[in-house]
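Every read-out reported here was derived from the displayed coordinates using simple, explicitly stated rules and does not represent laboratory data. Computed from a predicted model, the values in this text were never measured in an experiment. No Cβ is skipped: glycine too gets one built from the backbone with ideal geometry, and neighbour counts run over all protein chains shown.
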Amino acid sequence: MDFFSALSLQALKVFAYLFTREIFKPGDYLFHQDDNDGNAFHILSGIAEVARKDESGEFCLGKYGEGEFLGGLALLGDMRRLFSLKALTDMTCLVMTREKFTKAIEQFPDLMPRVLETMVDRIRSWEERLFLDKDGLCDTCRKKVGVSLI
Amino acid sequence: MRKTETPVVKRSLPSWIRSSSFKLQALLLLLILITVFARVLPLEMQKRIVNEAIRFGEIQMLFLYCGYYLAAVVIATGLKYLISALQNVIGERALADMRQALYHHILTLPLNFFRKTQPGLVVSSLVTELASAGNFVGMAIGVPVASILTLFAFAGYLIWLNPLLAGISLSIYPMVLILLPRLQQQANKANKRRVDKTRTLSGKIGEAISGIHEIHGNGSYRIENRRYDKMIEKLYKIRIVWNLYKFSVKSVNNFFSNLSPFLVFIVGGYLAIKGRLDLGALVAFISAQEKIYDPWKELIAFYQVYQDASVRYKRTMEYFDEVPEHTLEPDDREPYELEGSIEVKDLSFLAEGGIQLLDGINLSLKPGEQLALVGFSGSGKSTLAQCVGQLYKYTGGHILLGGEEVADLSKKDMINNIGFVSQTPFTFEGTIKDNVLYSCASKLGSDEIDESDAMPSLDDMIEALQQTGIFVDVLRFGLNTILVYDEHQGLASKIIRVRDHFKREFGEELADYVEFFAEDNYLYHSNIAANLTFGSPNVESFTLQNLAVNDYFLRFLDKADLTRTLLALGAELCRQTVDILGNLPPEKVFFEQSPIRADELDEYKMLATRLAKTKLHHLSPDDRTGLLRLALRFIPGIHKMVGMPSILEELILEGRALFKESISKDDPGAFTFYQASEYIYSQTILDNIFFGKTKTVNPQAEERIDQSIIQVLIEEDLLETIVEIGMEFQVGSKGDRLSGGQRQKLAIARVFLKAPRVLIMDEATSALDNKSQARIQSLLDTRWKGQSTLIAVVHRLDIIKSYDKIAVMKAGRIGEMGTYDDLVAKKGMLYELIYGKKASI
């Protein structure tokens, strides 16, 4: 989890301790679109699907599996989910809640800038990959990118 | 009658003396008169003992006079005690009355007042500053009357004894009377400064404590300490000056009082040597003169108390001398039952400092119509809602509620017709039920919640809980209750029936989420103690906390070869937990998954240091108990810092059989073993229904469990019973045992239960998840539409489609108003709010 790579050993122990292990069954939602659940998930086993629902129906945006860390941004502050995350198979995840994260990061205040740095770097390189992959980006989409400009 | 009563803040300090019990004050005076007599008598006796009894060798006379002397002393002492007791009663009564009246007054003050007033200040005013005023009222009649009378009695006696000497020794008092008030004035000035400084100080403390999150968050300890320290230093100087003046009053007084014996010795001595004064008279004079000093000292002390009390009292009352904006109850009529129409005409609201928060607002709602107020933050939407709800007094224009001007209505009229849910609702310490009934109880004005027929029934309450979606939470509180054997035997047997039913219907489906109690399996979600005893203790000595010091149990552990392994496990738990949590603050989040409780951390930290230096078998018995206690608490499913040694698992399973065997023989009543036919009183209702423990806190799983439990409880007709138990859940101070969402739901439930004609919701659903928000919105659309007029301040724009009118506010004005479709079609401000600025170009 590179999200936590910036942490010192002592902080890492605390964070590792605060994660809880949860199981999900096929069809269970890890989180729902529009919810402000504030959880982050590290997938230990199983596959989950990211989907978004609007007037025209539900469409799948991608799949995530073992070893992926999802939802780190939600730990940092209030955020209503733009997607739902649904378990496709039996899953085991480590879960961190925003409450625990905030309380813990208060104890290690010098970590916050480094966590933010990691976050910024992830957003930037995510958009960079988008540009490198020229074929996958249509012209209209190209005009709308610019997340890293925020 | 109400009108003529002076508000408490306008009352003078002496008015409290007048209002205190006349009978008590009269009794006090009577006692004082007797005391004065009893105080003078010994002096005369003293003279007679020397002059008549001793000089003439009259033994009988000696006994008689000594008898009088003794009686006078005894009576004076007894009366003195009675007088203090009476003064105490009068003073404390006055203090209690002051505290009540001032508190009642403070609660009615306008919200604006509390914006600039820290809670700490109110606390110190009510608790500390008034105490001296109460003290004064108690002394106000007794002390001066007693002292002055005694003073005059002694003075008269002195003059009677020897006019010349009396004149000389009394001559000093006028001097004191000139000097003291001047000094006291200075002391008063310092005292005023002290009261003000203490007030800002308590305000500062209050601010720091309520903003403690911000201080921790910013690590701004130094800034805060500096501010506080500075104030304390100032207060320190003021207090020193104040006390110095106070002492100087005392010293000056002392000095002059001690001068007078000096004068008497010189003059009286001279006269005695010359034979113009008999010795007995001189002795009597000297002791009388000494005694005159006592009432004088009391008088001066009283003077100081009076000065101090009046300074504090005035300063306190001046601070709270503001007028409530609205009367509490109408004087000359019954409270109105208004129809729910709302008419706002040319409304404006100027906040202090001349800031225009609302300007030229016009709108009108027919009974049952629903209005959504939207707009950017700071546009005045909340202010408008609060003006309609009479929380702020508007400065211009009109708000007509059912045709009546809101500014002129009493609070009682408002609460009878309006339900207000604020943005940050407050939950009060007490049960869920107290909080749900809060609005209804205050509408009825009754103090007793249960007795009144007009109060909502259990069904009504449950309906309100369901409407707001807090029903499941309350059910959970009920399910998490541990029943008490003596009170709930009937319910326990019903729950066993539910247990069977549940197992039949959902046992298999929920097997992944629940670990059922099974005699042959190790239970990873129960602690080691439960795994060993496999039952719930019926006697105090076998409870989890006592098990580690229970001799029978310790011998059993030895016999089952468990002691060493458990101690080693305890040591490992201690080391690992201290390593992770050692430097963290005692917050609930950190200790939820820890076998060491927050309050035990320091203890185990020291134990961990000793562990590093000492071998296990060299540890002190206390340390061994501490480690064993940890090990017995260990739940592998929750306490993840240490893995469960598999050898221990097998040993424990063997031990379980051994324990059952031996305890059944030695102390058969000590445990109720886990069996499907027995209720387990040490476990929650939920665990009893499961006959096991949940393995998960995942909301999905919990929801599925809740659904199945609700279904079974409905079929067994127990749902209401459990919810009723859940409603007795104590929410904690400020509701801190509830989540933000739960608090908001509770606040909505209490207003729904009141079913007011006009409903004002100020972002009332902002802390709720989507589902709950949607549920409440759909209720507003169906059940309340046409019933109650609704003004809702709304932040999220996806829920406003169904409102009759939408008002978009900007900079204190209504920019546009109409139905959702009209406004969107117009592509004006609402469109801009929904789709963003760019898109509208």
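Listed values, structure above:
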quantity: Region B:489-719, relative contact order [Cα under 8 Å, separation at least 6], %; calculated: 42 percent
quantity: Residues in region B:344-380 that a label on B:Asp822 would reach, taking backbone N under 17 Å of a point 7 Å out along Cα→Cβ; calculated: B:344, B:362-367, B:369-374
quantity: DSSP bridge pairs, chain B: antiparallel proportion in percent, nearest 5; calculated: 60 percent
quantity: Virtual paramagnetic centre 7 Å along Cα→Cβ of B:Leu27, amide N under 11 Å, in region B:46-74; calculated: none
quantity: Lys/Arg +1, Asp/Glu -1 at C-beta; region B:144-289 dipole; positive extreme among B:Ile148, B:Gly211, B:Leu201; calculated: B:Gly211
quantity: The protein assembly as shown - share of DSSP beta bridges that are antiparallel (%, nearest 5); calculated: 75 percent
quantity: Long-range lysine pairs (8 or more apart or interchain), region A:8-150, Cα under 18 Å; calculated: 9
quantity: Theoretical FRET efficiency, 1/(1+(r/R0)^6), r = Cβ-Cβ of A:Cys138 and A:Thr92, R0 45 Å, to 0.05; calculated: 0.75
quantity: Net lengthening on full extension, B:Arg18/B:Ser620 (0.36 nm per residue, minus Cα-Cα); calculated: 209.9 nm
quantity: Full-stretch length increase - B:Arg333, B:Gln489 - with 0.36 nm per residue and alpha-carbon distance subtracted; calculated: 51.0 nm
quantity: Label-to-label distance, nm, for residues given as B:Thr77 and B:His104 (7 Å Cα→Cβ offset); calculated: 4.4 nm
quantity: Per-residue [θ]222 nm for chain A (sum of -39500 (n - 2.57) over DSSP H runs n ≥ 4, rounded to 500); calculated: -10500 deg cm²/dmol
quantity: For the protein assembly as shown: span of alpha carbons on each principal axis (Å, largest first); calculated: 130, 87, 60
quantity: In region B:568-675, the GluC sites (Glu not before Pro) that fall in loop regions by DSSP, at most 16 other Cβ within 10 Å; calculated: B:Glu587, B:Glu592
quantity: Positive-pole candidate from B:Ile725, B:Tyr270, A:Met79, dipole of the protein assembly as shown, charges at beta carbon; calculated: B:Tyr270
quantity: Sites excluded, chymotrypsin sites (Phe, Trp or Tyr not before Pro) in DSSP loops with at most 12 other C-beta within 10 Å, longest stretch of chain B; calculated: B:1-425
quantity: Least to most buried among B:Asp706, B:Asp579, B:Asp308 (fewest other Cβ within 10 Å first); calculated: B:Asp579, B:Asp706, B:Asp308
quantity: Pairwise FRET efficiency - B:Thr395 versus B:Lys366, Cβ, R0 = 22 Å, nearest 0.05; calculated: 0.25
quantity: Over chain B: helical MRE at 222 nm, DSSP H runs n ≥ 4 each giving -39500 (n - 2.57), nearest 500; calculated: -19500 deg cm²/dmol
quantity: Inter-label distance, nm, simple model (7 Å from Cα along the C-beta direction), B:Ile355/B:Asp196; calculated: 2.6 nm
quantity: Cross-link partners of B:Lys613 among lysines (Cα-Cα below 16 Å; sequence separation of 8 or more within a chain); calculated: B:Lys605
quantity: Entries in B:Lys230/B:Lys393; B:Lys10/B:Lys433; B:Lys588/B:Lys754; B:Lys503/B:Lys660 that, when Cα-Cα distance is taken, lie over 28 Å; calculated: B:Lys230/B:Lys393; B:Lys10/B:Lys433; B:Lys588/B:Lys754
quantity: Partners for B:Lys237 among lysines (Cα-Cα distance below 27 Å; same-chain residues under 8 apart left out); calculated: B:Lys116, B:Lys189, B:Lys192, B:Lys197, B:Lys204, B:Lys246, B:Lys250, B:Lys314
quantity: Exposed-site-free run, longest, chain B (rule: trypsin sites (Lys or Arg not before Pro); DSSP loop; at most 11 other C-beta within 10 Å); calculated: B:334-614
quantity: Cα long-axis angle, helix B:563-581 against chain B (0 to 90 degrees, to the nearest 10); calculated: 80 degrees
quantity: Partners for B:Lys785 among aspartates and glutamates (Cα-Cα distance below 14 Å; same-chain residues under 8 apart left out); calculated: B:Glu369, B:Asp804
quantity: Point-to-point label distance, B:Thr543-B:Leu444, nm (Cα→Cβ direction, 7 Å offset); calculated: 3.6 nm
quantity: Unit charges on C-beta of K, R, D, E only; dipole of region B:361-439, Debye; calculated: 120 debye
